[in-house]
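*Asks:* Take this structure, written in structure tokens, and hold onto it; I'll ask about it next.
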Amino acid sequence: MRYTVNTKSLESLRKEIDELDEKLVVLLTQRMNVALAIADLKDNSISSVQAKHRVKKVLDRVAKIASNNNGNEQFVRKIYSVIIEELTTLQLMKKGLM
């Protein structure tokens, strides 16, 4: 949904951002927990944990979701790249590979 200055006040838009942030943090925490569970199923090797083929699939999939929802594909790719990088680091640490 696109907003203009005339449709909502700054305060109400900031409140909406705060509510969205809360939902995002909950979802990111859930994603982290699933990623850490997946680490237990991966082989004990850096390449297995990094799963570069899977990363490309995920980035392509979320970019398409963004595109289908009038979002910015590059923005979503950048955000997901950081998420995946950080979760990969946590997986490597959990497996004692880092």
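The values are calculated or read from the model by the stated rules, or taken from the named source; none is laboratory data. Everything numeric here is computed off the predicted structure, so don't read it as measured data. We place every Cβ from the backbone using ideal geometry, glycine too, and count neighbours over all the protein chains shown.
*Asks:* Tell me, which residue of region 36-46 that is touching a residue at least 24 places away in the same chain (Cβ under 8 Å) and not in a helix (DSSP H, G or I) is surrounded by the most Cβ atoms within 10 Å (Cβ to Cβ)?
*Replies:* Ranking the candidates gives K42 first.
*Asks:* If you don't mind, another one. Quick check on this structure: which one of A35, A39, A51 is at positive phi and either at pLDDT 95 or above or among the aliphatic types (A, V, I, L, M) (or both)?
*Replies:* A51
*Asks:* Something else: Pull out all pairs, ordered by first then second residue, where Cβ-Cβ is under 6 Å, the residues are six or more apart or on different chains, the first lies in region 47-62 and is more than 17 Å from L36 (Cβ to Cβ), and the second is of a type in the set (A, V, I, L, M, F, W, C).
*Replies:* Going by the 6 Å Cβ cut-off, the qualifying pairs are V62/V76.
*Asks:* How many residues are part of a helix (DSSP H, G or I) and either closer than 18 Å to L24 by Cα or in contact with a Pro (Cβ under 8 Å, 6 or more places away or on another chain) (or both) when one looks only at region 60-72?
*Replies:* Within region 60-72, residues that are part of a helix (DSSP H, G or I) and either closer than 18 Å to L24 by Cα or in contact with a Pro (Cβ under 8 Å, 6 or more places away or on another chain) (or both) number 4.
*Asks:* When you look at L97, is it surrounded by 10 or more Cβ atoms within 10 Å (Cβ to Cβ), in a loop (DSSP other than H, G, I, E, B) and at pLDDT 95 or above, yes or no? Before the answer, list the steps.
*Replies:* Values: surrounded by 10 or more Cβ atoms within 10 Å (Cβ to Cβ): yes; in a loop (DSSP other than H, G, I, E, B): yes; at pLDDT 95 or above: yes.
Spelling it out, L97 is indeed surrounded by 10 or more Cβ atoms within 10 Å (Cβ to Cβ), in a loop (DSSP other than H, G, I, E, B) and at pLDDT 95 or above.
*Asks:* Also: Surrounded by fewer than 13 Cβ atoms within 10 Å (Cβ to Cβ), among the polar types (S, T, N, Q) and in contact (Cβ under 8 Å) with a residue 24 or more places away in the chain: is that true of N33 in this structure?
*Replies:* no
*Asks:* Here is a list of conditions, (1) exposed (fewer than 12 other Cβ atoms within 10 Å of the Cβ); (2) in contact (Cβ under 8 Å) with a residue 40 or more places away in the chain; (3) of a type in the set (A, V, I, L, M), and V82 meets all of them except one; can you say which number that is?
*Replies:* (2)
*Asks:* List every residue pair whose Cβ atoms sit under 6 Å apart, with the two residues 6 or more apart in sequence or on different chains, where the first one lies in region 1-24 and is under 17 Å from G71 (Cα atoms) and outside any helix (DSSP H, G or I) and the second, anywhere, is modelled with pLDDT of 95 or more and not acidic (D, E).
*Replies:* none
*Asks:* Of the residues that make up region 47-68, is at least one of a type in the set (S, T, Y) and surrounded by 13 or more Cβ atoms within 10 Å (Cβ to Cβ)?
*Replies:* Looking through region 47-68, at least one residue is of a type in the set (S, T, Y) and surrounded by 13 or more Cβ atoms within 10 Å (Cβ to Cβ).
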